[in-house]
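Here is the structure we will look at, set down as structure tokens.
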Amino acid sequence: MYRYKGGSPILVALLAALLVFGGYFLWRGALTFLSTAGNITAPATATAAATVTLRPTRTFEVPPMNLVFGTQPTARPCLEFYVTVVRARVRECPSERCATLEMPYQGNRICVYGKAEEAPEWYEVNIYPNDPIPRRAYMHQSVIAAVNPTPRPSATPRPSITFTPSHTPTPLPSVTPRPVTPTLPPMQGV
């Protein structure tokens, strides 16, 4: 059977130190409680009141601060497109070899800045249009379409060539004919 042979001297010393410090803090708390007549917030209030010094208040107007140095960058216009395929790839650069950042589903709205300068068949997009710092990425033109496309002008037929006279003829004076009354020859022998 197992018999207990006694505790470790370090453990006994640690336990004794905890009992001494615990007793000290309990005795100190009891003395503070009795000296403040049971008001447990009195020591904190007295300490705070001793550290606060009141100063006379001044009224002054703060001049407006102009922190804009130069011109502010304007936000790029965002055209609204939507995903036309089941899952589209949003890439780091305008190439099939670039890493995929996200894969939005069909019908998701995409903020498009315009065609990429490096590759005209790719669009430059903003993944998070509501963030203050835009996150640029690229999508191929075959996987997205404009929500409100710009109407293209229809082919209108050209007018045929018409002849325009170089001079205008002067009209001739009009002659009004006189009414002719028929006269019958006299009758002979009836």
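Per-residue packing, averaged as other Cβ atoms within 10 Å, sorts the ranges 80-86, 93-99 into the order 80-86, 93-99, beginning with the highest. Computed from label points 7 Å out along Cα-Cβ, the spacing between residue 135 and residue 106 is 2.5 nm. Each Lys and Arg adds +1 at its Cβ and each Asp and Glu adds -1 at its Cβ; summed about the Cα centre, segment 79-146 shows a dipole of about 180 debye.
With Cα atoms as the point set, the radius of gyration and Dmax of segment 79-190 evaluate to 38.5, 127 Å. Label-to-label distance for residue 41 and residue 84 is 6.9 nm, based on points extended 7 Å past Cα in the beta-carbon direction.
All of the numbers you see were taken from the coordinates with simple rules; none came from a lab. Quantities reported herein were computed from a predicted structural model and do not represent experimental measurements. For neighbour counting, all protein chains shown are included, and Cβ atoms are generated from backbone atoms with ideal geometry for every residue, glycine included.
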